[in-house]
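Just below is one structure, and these are the notes that go with it.
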Amino acid sequence: MSARPTEGLHREQLPNGVTLLVQRCRTAPAAALVTHVRAGFLDEPDEVAGISHVLEHMLFKGTPRLGPGELAQQTKALGGSLNAYTAYDRTVYYASVPSRHAYQASALQADQVRNPLFDADELRRELGVIIQEARRKLDTPGAVTGETLHELLYVRHRIRRWRIGHEAVLEQFTRDQVAAYHRSRYIPSRTIVAMVSDLDPSEALAVLAAQWGDWSLPSVTIPTGPTDSATAPGTARRLDGDVALADLAIGWRGVGPLDPMAPALGVAAAILTGGRGARLSRLLRETGRVASIGAAHYGTTDADGRTPVGVFTVGAECEPHRLRETLDETASTLRALREVGPTEEEVTRAQTLIRARMQRQFERFEARATALAAAEGLGDVTRLDRDEADLLAVTPAAVQDAAQRYLDPAVASAVAYLPTTSDRVFDDAMLHDAMQAPARAITPLALPATPPAARPTSPTARRRAREHGVLHVAHAGVDLLVAQHGDVPQVGLWLYRPRPRVADPMQAGLDALGMRALMRGTARLEAAQLAVAFESLGGVLSSSVGADTIGIGTTVLQEHLPVATRLLMETLQRPRLDDDGIRIERDLLLDDARAVADDMVRFPFQLVLGQAFGDIGYGAPAFGTPDSLRTFDAERVRAWHREFAERGPTTVVAVGAMDPEHLADLLLPELESLIGEAPTQDVRPHGTEQLQFGVRQATRERKQAALAMLFPGPSRQAPERYAAEVWASIAGGLGGRLFESLRSARSLAYTVMASSWQRLEAGALLTYIAMAPERLEEARDAMLEELAQFRDAPPTVEELHRATAMLAGQAEVARQSAAAVAGEIADAWLVGAGLIELADPGAPYRAVTADEVQAIAAAFEPARRCEGVVSPGGSE
């Protein structure tokens, strides 16, 4: 990685118009390949709206060299993964492989984009899949409110359309239409190819030039879509559905991605909702009036840059009766931003957060290659080097000016997706009245005093050892694991402790509530002060509640590590835990628990795990149920903290661009109070959880039904776990058996998944499919039929090779970011076999045999399964 995003970048435009971008990064033996085609939703005439996304799907359906599904299968055999997405101004195809296979993978990608076959029968089947995807999107309230808001904000611009296309139009597309669209949009002058890897850039450029240089297609004039000039009047629209919480989106027209005002609007969004110290976060989320809130500015254009457009949104989830006050507070906060402007401290905090996020983004090869191609697509790849300078140049006056120009509450439009049973009024009159709320005076948050430094200790007094690239500093009650990675000047720091088994369904969610309550301030700092303290260091305090562990941590600019560590220790050991704060977090967690039922992926899995483990242990939802959460009061949470403080051992994981010995020396004095705090103790009983076979079903009025199946499988430390992951790779993902049979061949579903679910004391084999409600029984029978084939015969030699190569290859390329390295260390130490797992993470996959996979599949006995089913009433 480099100090500037384009440092060391090699750029070449071939005579045919294809632009090549190659950059060397040495942090991992990996290659990211991105083909960016300047053709997206905004380039479609109305009569073929949705065709860009259809074309994206069809580019996975074969070429003269590759049959349907073979592109994904060959990429897997190279140890890689691949996918694609369609946006307003582009369609992007991407792959990640071990760098030794980069040129083979880039040849496959070039063939995919240049030479697709458009078989009429394949198109007809794939349109059935896309229609299921469109129905899934209609079942997602956030997607519906967001795109409906675009429709209200723009009268003529193509951004107002339903992006994925309407079913009646989709089902009429012909092979000739799709092929003609490909010929007109997928041409050399609209194509950008980016590779980020540890390979020699000159060699990589030569290879890519050979793969793309003989492509010749003429440029075609693409009609420009209409534009909007006059500002649309503020409009409200109410939508109704089977949802637990109201989903609210408020919006204004913004600016295009190259507009000089774009950085100031981005900073304005961070001032409003960037972190817990932001204005709307403090007013609405921290007071418990909304379950979540977020603001963002997004700018885009058509592929030729002729119709720039932008949207500034504030989105929230809340109880329906909180809708009006959410609108009032948003309006009054924006009015204050327009009339008074932000403080210098607010702008600096927002810039620090955005800058840290930008730095972390460029750690990952795929994200870097995508960003390089996107900047080139906007006309100048070097603009990435100016982004940070443009961000840091934003002043309080610039933010105020942007708010005055673009964020007038009087012209806001809004969409509210409400429960069908709600009688709350949401119309133009209500919106316009709410948007008249007067400016709210914001009490500036002074940066809290730095916590005092810990007394110096001798770092040599502790046993230190290096194992597989990790420095392990051991002491009574504490294991410090430190690794050096990359050159981003940040450090990720996490503290973990074991999570006890939930023995009573009414205890579900107590750990999650306790961890959330910890972050609501300390004895010295109020909640907002604690948030601002971390955010001023470039980080955000966050927690994790896993099946077997609990963690709390942050990632900060490395020069602030000692201060961040003190703040983390203060949070952990001296939390405020006041009655009001605990009540607010409980109610917010209660909202989250209720909203799970709106998620057509999470909810079926929650049902099937509850059935399998009987609502205790791994069957108890980590974030609780409405029934359990209602029973928790402040004293119960304080008692939880007393138990948590005595629980051990503590594992501390730190990863950054620093020498591990120096990093350990900085941390140890700050961690002194943990040393000897608790002896090692087992908080989970040994043994395997027993499964309870059966079906749990829930009714939700949706366009789709969803079915999750669970069969017995190996736990995290079982030797058979690698064979289970190989089975999941053979079964799931692009080119997998279930994907090809249930999705590609039968058009049963858009989403088909298979996974090996592994925990410390239990394991399972999981499958998932979402389909039209009337095809639920067909989908169940088809899934069982496919699983029976795994049980009855071992995988083929080719299937085994592809799966083991993919898993080994992805383990090899995974260590691109500090966060990925820290996660791998924590997983191996806390629930795995120890740091030995880091030595060669791909080796156990390469050793798996076909017979071992079939032995895993012996679990697929229909009578020994659990199901979680979500469907509309009367569909089963």
I want to check the label-to-label distance for Arg630 and Glu344. Put each point 7 Å from Cα in the C-beta direction and report it in nm to one decimal. 5.2 nm
The chain: projected area of the alpha-carbon convex hull, averaged over directions, in nm²: 33.4 nm²
Label-point separation, Asp228 to Val169 (7 Å along Cα→Cβ), nm: 1.7 nm
Pop out the ³J(HN,Hα) list for segment 708-718 in order, Karplus 6.51 cos²θ - 1.76 cosθ + 1.60 with θ = phi - 60°, rounded to Hz; leave Gly and Pro as x. 10, 10, 9, 10, x, x, x, 7, 4, 9, 6
By average Cβ neighbour count within 10 Å, what is the ranking of 184-193, 164-173, 593-602 from highest down? 184-193, 593-602, 164-173
What is the extension gain from Leu258 to Ala389, computed as 0.36 nm multiplied by their sequence separation minus the C-alpha to C-alpha distance, in nm to one decimal? 45.7 nm
Let a ≥ b ≥ c be the square roots of the eigenvalues of the Cα gyration tensor of segment 554-688; is it rounded (a/c under 1.5), or, if not, prolate (a/b larger than b/c) or oblate? prolate
At 1.4 Å probe size, put Met753, Met771, Met658 in order of accessible surface, largest to smallest. Met753, Met658, Met771
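What relative contact order, as a whole-number percentage, does the chain give when Cα pairs under 8 Å and 6 or more residues apart are counted?
Working: 1895 pairs, mean separation 133.0, N = 876.
Computed over the chain, the figure is 15 percent.
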What is segment 1-91 by shape, rounded, prolate or oblate, if you read a ≥ b ≥ c off the alpha carbon gyration tensor as root eigenvalues and call it rounded for a/c under 1.5, prolate for a/b larger than b/c, and oblate otherwise? oblate
Residue by residue through segment 848-857, the couplings from Karplus 6.51 cos²θ - 1.76 cosθ + 1.60 with θ = phi - 60°, in Hz, x for Gly and Pro, are 5, 9, 4, 5, 5, 5, 5, 4, 4, 6
Percent relative contact order for segment 203-358, counting Cα pairs under 8 Å at least six residues apart, stands at 25 percent
From highest to lowest solvent-accessible area (probe 1.4 Å; ligands, DNA and RNA excluded), Glu812, Glu799, Glu774, Glu344 read Glu774, Glu344, Glu812, Glu799
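So what is the relative contact order for segment 146-248, in percent, with contacts set as C-alpha pairs under 8 Å and at least six apart?
Numbers: 46 pairs, mean separation 40.9, N = 103.
About 40 percent, as a whole number.
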What net charge is computed for the residues neighbouring Leu835, neighbours being all others with C-beta under 12 Å from the C-beta of Leu835, Lys and Arg scored +1, Asp and Glu -1? -4
Ordering 858-867, 59-68 by per-residue average of other C-beta atoms within 10 angstrom, highest first, gives 59-68, 858-867
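Which order do peptides 743-749, 175-181, 221-227 fall in by mean Cβ count within 10 Å, highest first?
743-749, 175-181, 221-227
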Tell me which residues come under 5 Å, amide H to amide H, from Gly509 once H is placed; ignore anything under 5 positions away on its chain. Gly624
Kindly state, to the nearest 0.05, the FRET efficiency for Glu7 paired with Ala87, given R0 = 30 Å and r defined as their beta-carbon distance. 0.70
Compute from the Cα atoms of segment 100-154 the Rg and the Dmax, the latter being the longest Cα-Cα distance, and quote both in angstrom. 17.8, 50
Probe 1.4 Å, accessible area per residue of the chain, Å²: 37 Å²
If I model a spin label at Arg574 and Gln697 as a point 7 Å from the Cα along the Cα→Cβ vector, what separation in nanometres do I get? 5.7 nm
For Leu760, what residues show an amide H to amide H distance below 5 Å, using hydrogens built from the backbone and excluding near sequence neighbours? Arg716
Shape call for segment 119-183 from the C-alpha gyration tensor, a ≥ b ≥ c root eigenvalues: rounded (a/c under 1.5), prolate (a/b greater than b/c) or oblate? oblate
Please name which of Pro448, Gly694, Val502 has its Cα lying farthest along the dipole of the chain towards the positive end, using unit charges on Cβ (Lys, Arg +1; Asp, Glu -1) and the Cα centre as origin. Pro448
Förster-model FRET efficiency, 25 Å R0, Ile836 and Arg464, C-beta, rounded to 0.05: 0.90
Starting from 0.36 nm per residue, how many nanometres of slack lie between Asp240 and Asp214 once their C-alpha separation is accounted for? 4.0 nm
From largest accessible area down, sort Glu778, Glu798; use a 1.4 Å probe on the protein chains. Glu798, Glu778
Once phi is turned into θ = phi - 60°, what whole-Hz ³J(HN,Hα) does the Karplus curve with 6.51, -1.76 and 1.60 give for every residue of segment 369-383, x standing for Gly and Pro? 4, 5, 5, 4, 5, 5, 5, 4, x, 8, x, 7, 5, 6, 4
Counting only residues 5 or more apart in sequence or on a different chain, those whose built amide H sits under 5 Å from that of Arg865 are Gly694
Roughly speaking, what is the stretch gain from Glu151 to Glu661, that is 0.36 nm per residue apart minus the C-alpha to C-alpha distance, in nm to one decimal? 178.0 nm
Sites Ala645 and Ala441 - FRET efficiency at Förster radius 41 Å, r taken between beta-carbons, to 0.05: 0.55
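The values are calculated or read from the model by the stated rules, or taken from the named source; none is laboratory data. Remember, predicted model here, so these are calculated numbers, not experimental data. Every residue, glycine as well, gets a Cβ built from its backbone with ideal geometry; the counts of neighbours run over all protein chains shown. Please note that ligands, DNA and RNA were not included when accessible areas were found on the heavy atoms of the full protein model with its side chains. Shrake-Rupley method; radii C 1.70, N 1.55, O 1.52, S 1.80 Å.
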